[in-house]
Amino acid sequence: MSKFSRTSWKGYLIDHHWPREDFIPLDRLSLAEYEDQLRRAGIDHLVVYCKDHWGSCYYPTVLGARHPSLTIDFVGEMGEMLRRIGAEFTAYYSVGFDEHAARGHPEWVARDPSGDMLLHPRPITRPRWHRLCLETGYLDFALEHMAEILSRYDPDSVFLDILGHPPGTFFGSYLCYCDSCRAVFLDRYGSGLPETSEGLRERAYDVEDFRAHLDLKWYSAIRDVIRQARPGAAITINASAHFRKPMRDLVDHHFTEPFWGHWRSSIFMRGIGRDKFPQGTGQVPSEVYDPSPHDLYRSFSAKHWAQGIRPLVYSPSQRPDGKLDTAEIDGMGAAYRDGDVLREYLENRSSVPCVGILYHERTCVELPDRPYGEVRPASENVIEFDKNKPDNTHRRLVGAAIVLAGRTQVPVDVLPEEDIDLPVLSRYPVLLIPGASRIDEAEAKVISHYVEDGGSLVLSCDTGLRNRDGSLRDDFVLAASMGIRFAGIDDRYTNNRYGSYVARGRHPMWRGLPGTDLPLPAPRYRIEATGAEVLARHIEPCAAMDEDTFVSWWSPAPGRSTKQPLITCNQIGRGRVVYFAANPFIDSITWLRRGFENLFDWLLDPPPLRVQTHVPGSLGTTFWSRNGRDEIVIHLVNLAVEKLEGEVLPIRGARIAVSHKFGRVRSAHVVHPAEKELRGKNLARIQSFPVPPIDVHSVVVLEMA
Ligand SMILES: [Zn+2]
């Protein structure tokens, strides 16, 4: 396999979705200019378009449609040039959009339930490309087409775009109702493909399985053709980390656009794409004709490097005449120069285990009873092929958990469900399980052992409360460890923004929080404590909102206090289980930010590693141990650079706290942006090191004794 897909830390993609129009003359296209600019920017990876969304090919194809303005073999010459400059050559192929094929073969186009052709989502000023269905003759065409490309060229890697149904993405939220797809569904599940939102919810498991089946079938066919032609070419799919595990197992490296924003997506992909050299991308919020400050590019690449993700900028920096516009290339070059310094710290390292967030794929199926007050279920978006990124509830909760845990500035990893394995879990002193409703008995047994052995578990709502089909169990599968019993769901307040207010007991979790009744969203899970300590009880809102009930412009205020437990803690063996009977994994409720910080301080007592800062929402921190060396690498990224559109307000006053339990630091150095030794203080429970002001990003290395 090509070494590049694991070592190229400075990627670039120039977007070539060029329509076949006269205003795209490409008459000033110059390979010499490309070579000069790419060398100048120091990139080590370029994605080269073989076929784009219009179906335009950039080489002399026999099967497809060469872009009419192209007079050279762009793919071939670029491939040779990339070899010359020692950069990775990735062949890009648009699978799901090919307007040339769609217009020539309407029978290859995916259909909506009424039989109309599916077009790219509506309300945006973008071309409405048709969506192609790979259950038609289009698959054979695409396979032949790829065989043609791979027989002519020898790329280091292949990038497949717009393939299948990755959840939570713009392009994955569709179903095709063509005769072939309907027949596959009928054959596999014994009934017709549901055509309504409610029908899709009722058959949610079958529909999920159907999509996963098609994705795997199509990708496997394409992969076989590529493997046969070029066994050494690494293969990836756009949004690979969003696919289900059988697909993820078949990609050679991960590639995911930042569907949750750069920082959060990178944390997710670092966990899900572990050991598969993930790559992340983004269009830096910039236009080549209205360039952004270079620091925005530096912030973009730093966010990825900090997560161990290989960054790739995509850009419209080729003009229609083929000439390159250099503004974006300059910015990227400035950013990528930092990468040359940092490369030695980016490889051969492992994240420091501390807080794990469980991503439980089996839970990622729509629930029939809308238990989180969903107004618009994801299945409606699927039917309407909406422009949104419909996500299932569990993934949304995982996304919020990433934000909340990340703000606490302790090490955070996302753990896929195959990590429900005692040796893996036991490395994490705290495990968050955000609403993983379909945890089963076997998984519950491992998780219970993890707690008894000293782990701290934080659970919410219906974690382990559902059968495979989404129906409710009689009790939590982890009830014994939780020290509570399930007594029903209270969904009276789902129209209220806040369904519960928190009556607090005395506990370190509430330290420094505002002296009011803090809210949580509806619904509330009714529970009875059978052994757990109650940390907070439920205060009812004064009214349930509906069309006739008005209290104020805001969510109805706190009303009657109750004895109903809202947050509990059970000590079991050497560990603890904290349960929230209303969803705390929501990033729009402000108090939860400090609440999670307090919770981790209490459970970790103290955290092994932490960065103390007065601006936790503006600082992104990751912690790595260098393999085979007693060294910790800490990345500190100023996330406010993006919020401030490229303006840099240095973050001052941050301190690195290393607990004595974790180890003793022999020396601490800033290695980027400028070498500096840090003089620490030895306190009762921690060593504390001041960090110089963080402009865009800083990297600190701790040498452990
Ligand atoms: Zn179809």
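Bear in mind that the values in this text are calculations on the coordinates, not laboratory data. Everything numeric here is computed off the predicted structure, so don't read it as measured data. Here Cβ is always computed from backbone atoms with ideal geometry, including for glycine, and neighbour counts include all displayed protein chains.
Below is a table of values for the structure above.
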item: The chain: relative contact order in percent, alpha carbon pairs under 8 Å with at least 6 residues between; result: 11
item: Average Cα contact separation per residue, segment 610-704, under 8 Å, 6 or more apart, as relative contact order %; result: 34
item: Residue-span extension gain [Val671 to Val62] - 0.36 nm each, minus C-alpha spacing; result: 214.0 nm
item: Chain lengthening between His449 and His614 when straightened (0.36 nm per residue, less Cα-Cα); result: 55.7 nm
item: Within the chain, helix-based [θ] at 222 nm, where runs of 4 or more DSSP H residues each add -39,500 (n - 2.57), nearest 500; result: -8500 deg cm²/dmol
item: Filtered chymotrypsin sites (Phe, Trp or Tyr not before Pro), segment 260-369: DSSP coil and at most 15 other beta carbons within 10 Å; result: Tyr289
item: Linear extension gain, Asp22 paired with Arg652, 0.36 nm per residue minus alpha-carbon span; result: 221.4 nm
item: C-alpha long axis of helix 294-306 to longest principal axis of the chain, angle in °; result: 70
item: Cα gyration tensor shape for segment 580-705, rounded if a/c is under 1.5, else prolate or oblate; result: oblate
item: His660 versus Asp36: modelled label distance in nm, points set 7 Å from Cα along the beta carbon direction; result: 6.4
item: Distance (nanometres) between label positions extended 7 Å along Cα→Cβ at His507 and Ser151; result: 6.7
item: In nm, spacing of pseudo-spin labels at Lys681 and Asp140 (7 Å Cα→C-beta vector); result: 7.6
item: Average Cα contact separation per residue, segment 547-690, under 8 Å, 6 or more apart, as relative contact order %; result: 15
item: Gyration tensor (alpha-carbon) shape descriptor, the chain, a/c threshold 1.5; result: oblate
item: Student exercise, segment 153-203 dipole from Lys, Arg, Asp, Glu Cβ charges, in Debye to nearest 20; result: 280
